[in-house]
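Take a look at the structure set out below.
The values are calculated or read from the model by the stated rules, or taken from the named source; none is laboratory data. Just so we're clear, the structure is a prediction, and the values are computed from it rather than from any experiment. So basically every Cβ, Gly included, is an ideal-geometry build from the backbone, and we count neighbours across all protein chains shown. Each accessible area value is taken on the protein alone, full model and side chains, heavy atoms only, with ligands, DNA and RNA left out. Shrake-Rupley method; radii C 1.70, N 1.55, O 1.52, S 1.80 Å.
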Amino acid sequence: MTPSTTDRGRGGSCGGVLGTLVVVGAVIVGTLVVSPDLQLSDLRDAAVDPLHGEPGSGGDGYTFLQTTARGEPLTWPCEETVEIVVNPEGAPEGYADMVGSAVARLSTASGFDLEVVGETADRDFADRGFGPVLLGWADEEEVPALAGPVAGIGGSSYVQGPGGGGHAVGGMVVVDTEETGGWFSRTDPEAVLVHELVHVLGLGHTEDPTQLMAARNDGQSELGEGDLAGLAALREAACS
Ligand SMILES: [Zn+2]
């Protein structure tokens, strides 16, 4: 299915059964908007990026991208390695170190075990089901959700069972080849990766502009207190 123009859920039905869990198959994604132009970005936020996480979910400085029917945040199983495959097409120079650094930082910060397991030619960013998280670079012609000042999108596919529980089973991160690293951009490319991978783990956007999970990046490069509290909440939900 074609990515939507907002960061609400995108289709990608991949009917199937894993144990008692039924795949509902949506890839829930969030975007990160860079801010070379405040006015344009403000419009962009309002027009294209209404999802600041699930309303009412989360806590101080963070939201959950989606919660299950039980009201728990959708995230990865406690003991599972979040495997990531990288498609290097269109990647910036030094991408492998940058991805490795982002993954290591987020593993440490979150308690989840994220690992780059290899490279791939797969570019099916729109339709993710079970499998490793696909991380790559594209332009808005290939991935329309990257149109405008969107630096990247990221999210997970998930299963949800008849009992109302659920967890992530796959996902994607795609970074806009045209929005980061330019002379006008204050956005740290590695921070974009961390932001999108946090979406993959299950956090949405926060209205606190000082957090890395703010919808608009005004130069934040580090995870803030709200981001860290949100990651801790995901981890607690996964492992309790
Ligand atoms: Zn985002």
For the range 224-238, Karplus-derived ³J(HN,Hα) couplings (6.51, -1.76, 1.60; θ = phi - 60°; whole Hz; x for glycine and proline) come out as x, 4, x, 4, 5, 5, x, 4, 5, 5, 4, 5, 5, 5, 5
Students often check this: by mean Cβ neighbours within 10 Å, which of 59-71, 83-95 ranks highest, and how do the rest follow? 59-71, 83-95
Equivalent-ellipsoid semi-axes (√(5λ), Cα gyration tensor) for the range 85-160, whole Å, largest first? 20, 17, 13
Taking 8 Å as the Cα distance limit and 6 or more residues as the minimum spacing, I'd like the relative contact order of the range 74-149 as a percentage. 43 percent
Using θ = phi - 60° and Karplus 6.51 cos²θ - 1.76 cosθ + 1.60, couplings along the range 137-144 (whole Hz; Gly, Pro as x): 10, 7, 10, 6, 5, 7, 10, x
Counting pairs of Cα atoms in the range 70-212, how many percent are more than 28 Å apart? 15 percent
Distant-in-sequence amide H partners of residue 119 (H built 1.01 Å from N, under 5 Å): 86
Mind checking the per residue accessible area of the range 113-240 for me, 1.4 Å probe, whole number of Å²? 35 Å²
Log entry: pair-distance distribution for the range 123-177, C-alpha pairs binned every 10 Å from zero, whole % per bin is 25, 44, 23, 8, 0
Under 5 Å from the placed amide H of residue 152, counting only residues 5+ away or on other chains, we find 32, 176
What list of ³J(HN,Hα) values in whole Hz, one per residue of the range 115-129 in order, does the Karplus curve 6.51 cos²θ - 1.76 cosθ + 1.60 (θ = phi - 60°) give from phi, with Gly and Pro shown as x? 9, 7, 10, x, 10, 8, 9, 4, 10, 7, 6, 7, 10, 9, x
